[in-house]
Each structure stands twice: as C-alpha cells, then as structure tokens.
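Below is one structure, written out as structure tokens; comments come after it.
The values are calculated or read from the model by the stated rules, or taken from the named source; none is laboratory data. Being a predicted model, the structure only gives us computed values, none of them experimental. Methodologically, a virtual Cβ is constructed for each residue, glycine included, from the backbone with ideal geometry; neighbour enumeration extends over all protein chains shown.
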Amino acid sequence: MRKLFDTDAIEASLKGFQDVFPQINDQLAIRRETLTDAMVEQIVEAYDFLNTLLKKDIDLFTPAGLHTLLEINHVVLCGTKRETRTHYYAHLEETRKSFLRQIRPIKDWVLRKRKESDPYYLATGFYSRMLSRPQLFLEGNHRSGNVILNYLLISKDSPPYIVSSTNARGYFDISGDIKFTENGNYLDTALRMPGHRTRFRAFLAAQVSSKFLLGSQ
C-alpha cells in the first residue's frame with residue numbers, strides 16, 4: 001500500500017514547534033529565522049504536493065522527475081499562489097539556475113545508493129550533500145531538505161521525521177554543523193562530515209514517527 005503524508009498531523013506538529021520556537025532558538029548554537037505562519041502553511045503545501053506526486057508514482061530523482069525537486073523548494077518558499085510566484089519570478093529563476101548547477105552529483109549519488117542502503121543512510125547522504133556548501137537551493141534548504149529526505153525515508157518503508165517542540169534542538173544543531181561544512185573540500189569531507197552524518201543518521205532513526213502517515217492511527 002502506498003504511503004502518504006498526514007498533512008494535518010504535520011501541521012499540528014509544526015504549529016506546536018512554532019509556539020515554543022523563541023525558547024528553543026535561544027538554546028541553539030546558531031540562531032534561526034523565526035518560523036512564521038506563512039512558512040508553516042507553505043511547508044504543509046509542499047507535503048500536499050508531494051502526496052500528489054506519490055499518488056502518480058513519480059520518481060523525484062529520475063531525469064523526468066527532477067523538476068519536482070525544484071518545485072518543492074518553490075512551494076516551500078512561495079506557496080502555490082500565482083500572484084506570489086509572479087512577484088518572485090526573478091528569484092525563482094536564479095534558484096533554478098543554481099539547482100541545475102548543483103543537482104547532478106546529488107542525484108547520481110541517490111540513484112547509486114538507494115537500492116542497497118538503509119533509509120537513514122540514504123536520507124542522511126542526500127541531506128548532507130544538499131545542505132553543505134555549496135547548498136542545493138539559494139534559500140529554504142533546511143525546510144526543502146526535510147521534505148525531500150522524508151520522501152526518501154518513506155520510499156524505503158521508514159516513517160518520516162517531522163520537526164517538533166521535543167526534537168527541534170537536536171535537528172537544528174546537527175543541521176547547522178552540516179551547513180557550515182564544505183562538501184567536496186577534502187579536509188572537511190574527510191574529517192568533519194563523517195561525524196556529522198553519523199550523528200544525523202542516528203538522530204533520524206530515533207526520531208521518525210508513523211503518526212505523520214495517513215492510516216497510521
């Protein structure tokens with residue numbers, strides 16, 4: 001049976017996190033921008049879009065499906081309203097150019113590894129490659145990356161990971177370490193990244209939850 005995301009449960013978790021975000025932000029090693037109502041709405045819209053793709057059996061990492069990866073970032077940043085898209089057209093076009101420059105090695109790695117890899121190794125490998133420098137998208141890499149890594153998790157029969165008030169600090173601190181690591185730089189990749197990936201892989205395995213999937217109750 002095809003797994004789909006429970007967007008109501010995801011929205012409730014994100015809103016719970018949003019309520020305590022100021023306190024959590026004060027505890028983070030690197031402070032984050034405020035999670036606004038619009039951001040929550042657009043993340044939920046991205047999961048609605050992803051559910052549509054799952055129903056159509058669209059593979060996001062094939063050449064035909066790559067535009068859907070970019071569209072997830074567009075939805076996370078701008079939502080689905082046409083007038084908003086028009087207003088940010090120039091920025092979205094620059095995002096597209098950056099995406100096309102960065103996606104190939106990430107896509108190739110996922111296609112090589114996903115059959116034999118466990119879900120947490122696969123999701124961590126993708127996330128660390130798209131979030132470390134140079135980042136895959138111009139903006140919204142944490143939010144977009146979380147949506148896409150959950151696509152990879154459920155494609156490997158794992159529940160997804162959704163940020164909540166109880167697990168946000170660990171997620172953001174490890175993500176911050178990944179973000180400020182140079183991907184492809186020999187010393188950073190060889191010396192720092194393996195530790196970051198080990199921590200994130202263990203974090204995902206401990207924090208995924210089937211309550212964010214439809215029909216899980």
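The single residue among 46, 29 that is modelled with pLDDT under 95, out of contact with any strand residue (DSSP E or B) (no Cβ under 8 Å at 6 or more places or on another chain) and hydrophobic (A, V, I, L, M, F, W, C) turns out to be 29.
Inside the stretch 25-39, residues that are in a helix (DSSP H, G or I), surrounded by fewer than 17 Cβ atoms within 10 Å (Cβ to Cβ) and among the aliphatic types (A, V, I, L, M) make up a count of 1.
One residue stands out among those in the stretch 165-187 that are more than 17 Å from the chain's Cα centre (by Cα) and small (Gly, Ala, Ser): the one that is surrounded by the fewest Cβ atoms within 10 Å (Cβ to Cβ), which is 184. Residue-level check: of (1) farther than 20 Å from residue 202 by Cα; (2) under 17 Å from the mean Cα position of the chain (by Cα); (3) part of a helix (DSSP H, G or I); (4) in contact (Cβ under 8 Å) with a residue 12 or more places away in the chain, residue 138 misses just (3). Determine if the stretch 5-23 includes at least one residue that is of a type outside the set (D, E, K, R), assigned to a loop (DSSP other than H, G, I, E, B) and surrounded by fewer than 15 Cβ atoms within 10 Å (Cβ to Cβ). No, the conditions are met nowhere in the stretch 5-23. Considering only residues in the stretch 188-217 that are among the polar types (S, T, N, Q) and at pLDDT below 90, the one that is surrounded by the most Cβ atoms within 10 Å (Cβ to Cβ) turns out to be 189.
Only one of the numbered conditions (1) surrounded by 15 or more Cβ atoms within 10 Å (Cβ to Cβ); (2) at pLDDT below 95 is violated by residue 74, and that is (2).
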